[in-house]
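Only one structure is covered here, and it is reproduced in the block below.
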């Protein structure tokens, strides 16, 4: 039996909430194939009714009542920004202090660092027929926070672009068009649909009007990939095997 807590940023938009519910259901099915019983729950770093530390504590206490003494915490973040490096560890530490040494909170690496994530993104790309690609991430102002996006873009043979820092999607699309590209696919490096992706879609509509001879497409966000649940479950299994060994 295992207990898994999925930590996402939190949003007032209902679409990320719906995406999380779908992901939890998929993980529940996958975990049931490997464990007799499992608990999967969601926590919000921001905009939750309780601070994350309190959410962690309450979930751990519930798991403890079922005889468990550890919880796997998955930060569903794609970049190693401030949330992953500072905010979540502080909240986990605060919850751990309340729980005491008899209970273990295991913070897993953030989602974007998982082995196999490249293959996950490639499955998104296979659903489109584009010949040139842009990997569009939110971006982080933290030093070194965007290096993983640049490396992933290289692995995907894509051009990196960012939402909050340059180079922007529009800049990179213009550059690709200048080099003769006429079939461009945008891979949104975002977990869930929401306001930002809606704005990006509107920007692409305007760019299509500006460049009517260029085919511009956008794929679904990461959470829409059914393989995501399998990737998360594989991390639980691998960690447990290492612990046993």
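The alpha-carbon positions of the chain define a convex hull whose volume is 128 Å³ per residue. Here the Kirkwood formula puts the hydrodynamic radius of the stretch 128-219 at 13.3 Å, using every distinct Cα pair.
At q = 0.10, 0.14, 0.17, 0.18 Å⁻¹ the log10 of I(q)/I(0) for the stretch 1-143 amounts to -0.39, -0.75, -1.06, -1.17, computed by Debye summation with a single uniform scatterer per C-alpha, solvent ignored.
Were the residues from residue 61 through residue 147 laid out at 0.36 nm apart, the gain over their Cα-Cα distance would be 27.2 nm.
In the chain, Cα pairs under 8 Å separated by at least six residues give a relative contact order of 20 percent.
Between 123, 154, 198, the Gaussian network model of the chain with springs among Cα atoms under 10 angstrom shows the greatest mean-square fluctuation at 198.
Our helix-only sum for the chain, with -39,500 (n - 2.57) per DSSP H run of n ≥ 4 divided by its residues, gives a mean residue ellipticity at 222 nm of -14000 deg cm²/dmol.
As a calculated quantity, the FRET efficiency between residue 129 and residue 241 at R0 = 41 Å, using C-beta atoms, amounts to about 0.55. Under 18 Å from a label point set 7 Å out along the Cα-to-Cβ vector of residue 195, the amide N atoms of the stretch 143-178 belong to 163-165. If you take the Cα centroid of the stretch 80-121 and the Cα centroid of the stretch 184-245, the two points sit 21 Å apart.
Throughout, read-outs are computed from the coordinates displayed, never taken from laboratory work. Note that the structure is a prediction, hence the values are computed from the model and not measured. Every residue, glycine among them, receives a Cβ derived from its backbone with ideal geometry; neighbour counts consider all protein chains shown.
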